[in-house]
1. Using Cα pairs closer than 8 Å and at least 6 residues apart in sequence, work out the relative contact order for segment 176-254, in percent.
2. Do the alpha carbons of any pairs in Lys56/Lys89; Lys131/Lys233; Lys233/Lys267; Lys56/Lys142; Lys89/Lys141; Lys78/Lys142 sit beyond 18 Å of each other, and which pairs?
3. How would you classify segment 170-241 from its alpha-carbon gyration tensor, with a ≥ b ≥ c the square roots of the eigenvalues: rounded for a/c under 1.5, else prolate if a/b is greater than b/c, otherwise oblate?
4. Quick one: Karplus J couplings for segment 254-263, per residue in order, coefficients 6.51, -1.76, 1.60, θ = phi - 60°, nearest Hz, x for Gly and Pro?
5. Out of the total accessible area of the chain (probe 1.4 Å, heavy atoms of protein only), what percent is carbon and sulfur?
6. For n ≥ 4 DSSP H runs only, could you compute -39500 (n - 2.57) per run for the chain, divide by its residues and tell me the 222 nm figure to the nearest 500?
7. Stretched out fully, how many nm does the piece from Glu177 to Glu248 gain, at 0.36 nm a residue minus the Cα gap?
8. Among the Cys residues of the chain, which have no other cysteine Cβ under 4.7 angstrom away?
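The values are calculated or read from the model by the stated rules, or taken from the named source; none is laboratory data. Everything numeric here is computed off the predicted structure, so don't read it as measured data. Cβ coordinates were reconstructed from backbone atoms using ideal geometry, including for glycine residues, and neighbour counts include every protein chain displayed. The area values use the complete protein model at the heavy-atom level, side chains included, leaving out ligands, DNA and RNA. Shrake-Rupley method; radii C 1.70, N 1.55, O 1.52, S 1.80 Å.
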Amino acid sequence: MIVINTLLSLVQPRTGLEMVENSLSPTAITDNLETHFIGQRVIYFPRLTSTMVVAKRQAQQGATEGTVVIADEQTAGKGRIRRAWLSPKGSIALSIILYPSLAYLSSLIMVASLAVVHCIVAITGLKSQIKWPNDVLVNGKKVCGILIESSVRGNILDYAIIGIGINVNFRLSDFPEIPSTATSLADELGRDISRLDMIRCLLAEIERFYLVLPAGESVYQEWRDNLETLGKKVEVTSDRTTYRGVAESVASDGSLLLRQSDGSLIKIVAGDVTLCA
Ligand code: BTN
């Protein structure tokens, strides 16, 4: 177990076995963590611009697989499509460094979102669903966003980073800048939960799903079964073009298969989905 506390922030880091509800303890994350490699090395910041930025630097320097960069609070969190991601205190904001083969890159979004769905029900009892491609919703509102960044050279994947942001112990009413389509676990439950339990669950579940990827179908099928988007009339914006139709299915590479009104079926690799009225 390796724990790195950093002083790069203005706020003093917390160390040792101290477990404070308001802040995370890196040793409490790693202690007796039932994983082989994911989360066995934790780099913790009380306050940071973005865990993706530090994770990328670490990956470029050859950090061990499964290294986790985690922050209590992000000041410049990154969302998909160059959007900002707000991670106030009480959020979970972490990035995990992985070195899979290129063949598994498109499955990482399935691994991450399924792990989030499993851990939300395990820790809170709340049922959640996945909105294609990678949002996790509770009661129809976004509670978690996932960002995958990678470096590919030819057929070689240098590294992949899974970034996970979960709205946990804060009230959306205190953050009017966060869209009303979002929620937090505390808002849905009416009480705070242990972020530590949630993080430890996530690390174990991500490793479990990651290790079964070579077995093929199982992760894809379970991901598909948890997608709330399928069967619905949707608008999908991809590369500044909007497509309308019924979200019929997903391919094993994670693409959305959209049936348009003229009967044609198109494959959309990445995009933003909104439900049609
Ligand atoms: C999205 O829904 O747009 C994806 C949001 C991803 C946010 C997480 S929080 C941890 C990691 N660090 C970041 O800066 N972004 C990701």
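1. Details: 40 pairs, mean separation 13.2, N = 79.
RCO, segment 176-254: 17 percent.
2. Values: Lys56/Lys89 23 Å; Lys131/Lys233 13 Å; Lys233/Lys267 15 Å; Lys56/Lys142 26 Å; Lys89/Lys141 20 Å; Lys78/Lys142 16 Å.
Over 18 Å apart, Cα to Cα: Lys56/Lys89; Lys56/Lys142; Lys89/Lys141.
3. Since a/c reaches 1.5 but b/c is at least a/b, the shape of segment 170-241 is classed as oblate.
4. Taking θ as phi minus 60°, the curve returns x, 5, 8, 9, 10, 8, 7, 5, 7, x Hz for segment 254-263.
5. Summing carbon and sulfur atoms, their accessible area is 50 percent of the total for the chain.
6. Details: 6 runs with 64 residues, N = 277.
Result for the chain: -7000 deg cm²/dmol, rounded to the nearest 500.
7. Details: separation 71, 0.36 × 71 = 25.56 nm, distance 3.34 nm.
Here the answer is 22.2 nm.
8. Within the chain, the cysteines lacking a partner Cβ under 4.7 Å are Cys144, Cys276.
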